[in-house]
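The values are calculated or read from the model by the stated rules, or taken from the named source; none is laboratory data. Just so you know, these numbers come straight off a predicted model, no measurement behind them. Cβ coordinates were reconstructed from backbone atoms using ideal geometry, including for glycine residues, and neighbour counts include every protein chain displayed.
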Amino acid sequence: MVKQYPHTLTATIVTDSHQDANGNWVPGTKVERAEECRAEPNIRASYQLSGADGVKIQFDWTVYMQVGVLPIPEGTLVDIRFNGAPVAVGKVRRFSNGQLNTRLWL
């Protein structure tokens, strides 16, 4: 049986430290999120993304997820697995929530 999202993405999101109402610094926290996904390698190095400033961004993987996934910030470390076996590890280079799916690039 073909499964649209056969992989599992685990994102380790680190929040920034901040000051509380008394001016004391509160350290950031780590939160792990898991999402079903499909990871496809960038088999042609000529495929690149354009960043906000127009600079070309090289990526190794395109990851597809269901529509409406909460944003995963750029720079977040993600681990992608298939039945427990590692597929890819990397940092998010870009995230896009589209009309038909959600994509991110590693």
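Miscellaneous remarks
- Within region 16-42, tally of residues that are under 28 Å from Gly84 (Cβ atoms) and surrounded by fewer than 14 Cβ atoms within 10 Å (Cβ to Cβ): 7
- Count of residues meeting criterion [in a loop (DSSP other than H, G, I, E, B) and either among the hydroxyl-bearing types (Ser, Thr, Tyr) or closer than 17 Å to Asn42 by Cα (or both)] in region 87-106: 3
- Elements of the type strands (runs of 3 or more DSSP E) sitting completely within region 1-86 and holding at least 1 residues that are at pLDDT 95 or above and small (Gly, Ala, Ser): these cover 7-14, 30-41.
- Filtering Pro71, Pro27, Pro41 for residues that are at negative phi and touching an Asp or Glu at 6+ places or on another chain (Cβ under 9 Å) leaves a single hit, Pro41.
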